[in-house]
1. With charges only on Cβ, +1 for K and R and -1 for D and E, what is the dipole size of the stretch 1-124 about its Cα centre, in debye, rounded to 20?
2. When the Kirkwood hydrodynamic radius is evaluated over all pairs of different C-alpha atoms of the stretch 144-238, what value in angstrom, to one decimal, is obtained?
3. Listed highest first by mean packing, meaning other Cβ atoms within 10 Å per residue, what order do 137-149, 43-55 come in?
4. Of the listed peptides 89-95, 195-201, what is their order by residue-averaged count of other C-beta atoms within 10 Å, with the highest listed first?
5. Can you figure out the FRET efficiency of I74 with K182, using R₀ = 45 Å and their beta-carbon distance, to the nearest 0.05?
6. Could you give the length gained on full extension between E26 and A46, defined as 0.36 nm per residue of separation minus the Cα-Cα distance, in nm?
7. Which value in nm describes the separation of the simple spin-label points at E131 and N234, placed 7 Å from the Cα toward the beta carbon?
8. Given H placed on each backbone N at 1.01 Å, which residues far from I7 in sequence or on other chains put an amide H within less than 5 Å of it?
Amino acid sequence: MSKGDIIIEARDIVKRYYIGKPNELEILHGISLTVREGEFVAIVGASGSGKSTLMNIIGVLDKPTEGSYILDNINVMKSRDDELSEIRNKKIGFIFQTYNLIARTSALKNVELPMMYARMPGWKRKKRARELMQLVEMEDRMNHAPDELSGGQKQRVAIARAMANDPALLLADEPTGALDSKTGRMVMDIFHRLHKEQGKTIVLITHSPELAEECERILTLSDGMFIGERKGKNHAPS
Ligand SMILES: Nc1ncnc2c1ncn2[C@@H]1O[C@H](COP(=O)(O)OP(=O)(O)OP(=O)(O)O)[C@@H](O)[C@H]1O
Ligand SMILES: [Mg+2]
C-alpha cells in the first residue's frame with residue numbers, strides 16, 4: 001500500500017433498520033465514498049444525518065443493507081464475522097467521543113490490548129505501548145486507570161490505543177465532542193501530526209466547522225446523502 005492507493009471504496013451504500021416490518025427506516029440512501037491512502041477527510045452534517053451509521057459501516061462494525069464496500073483491497077461484504085474482527089483489529093483504529101476505554105485497567109494496558117488480540121509477543125507490545133504513550137505525551141500517566149484521567153488525557157490514550165496495530169485507517173467519531181476547545185485543539189493537533197509525520201489516513205466526524213476546515217476534504221452529509229464536497233485548507237497542492 002502506498003500513498004494515493006484507494007483504501008476505502010464504498011458504492012451506493014444503503015442502510016435500513018427494520019423496526020417491526022413493514023415499518024422500515026432508511027437512514028442512508030445510497031452513499032458512495034472513495035478515500036485514498038494518506039488522506040485526511042472530514043465528514044460533517046446535522047445530528048441524525050447518519051454520520052455515525054456511515055462510520056460504523058466504514059469501520060465494519062456494521063453491514064450495509066445494500067451496496068458494495070472494498071476496504072484496503074478486501075471485499076468486506078463477503079468476509080465472515082471472524083475475518084471482520086481481524087480486519088477491525090489490524091486495519092482500523094477507532095476513536096469515539098466517549099473514549100470507550102476499559103475501566104479499572106491502566107492506560108498502558110488499554111493500549112496493549114489490541115496488540116494482545118493480535119497475538120504480539122509481550123515484550124514487543126509493552127515496548128510499543130510505551131512508545132505510543134510517549135507519542136501522545138502521556139508517559140507520566142501510564143499506570144493511571146481511565147477514571148483517574150481527564151477527558152483530554154483519556155482521548156490521548158484512546159488515540160494511542162487506536163494506533164496500536166499501526167492501522168491503515170483511523171476513524172474518529174466526534175473525538176473532540178466532549179472536550180473544551182483548548183483540549184480539543186490538542187487532540188486535533190495529534191491527528192495532524194499522525195497525518196503529516198506518519199502519513200495516516202484519517203476520517204474524522206466533527207460538528208466543529210473550524211476543525212473540519214483544517215482537513216483536506218470536507219464531505220457534508222444531510223439526511224443520509226452526501227450533498228457537498230469541498231477542499232479544506234490543508235488540501236495538498238496538486
Ligand atoms: N439501531 C438503530 N435502529 C434504528 N434507527 C437507528 C439505529 N441507529 C441509528 N438510527 C437512526 O439513524 C439516524 C442517524 O443516526 P446517526 O447516529 O448515524 O446520526 P449522526 O449523524 O451520527 O448524529 P449525531 O451527530 O447526533 O451523532 C437517526 O435518526 C437514528 O435514530
Ligand atoms: Mg453520531
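Please treat every number below as a calculation from the coordinates, not as lab data. Remember, predicted model here, so these are calculated numbers, not experimental data. For neighbour counting, all protein chains shown are included, and Cβ atoms are generated from backbone atoms with ideal geometry for every residue, glycine included.
1. 380
2. Over the stretch 144-238, the inverse of the mean reciprocal pair distance is 14.4 Å.
3. The most tightly packed comes first, giving 43-55, 137-149.
4. 89-95, 195-201
5. Plugging the Cβ-Cβ distance into 1/(1 + (r/R0)^6) gives 0.70.
6. Result for the pair: 5.5 nm of gain on full extension.
7. Using points 7 Å along Cα→Cβ, the separation is 2.3 nm.
8. Close amide H contacts, sequence-distant or interchain: V35, R36, E37.
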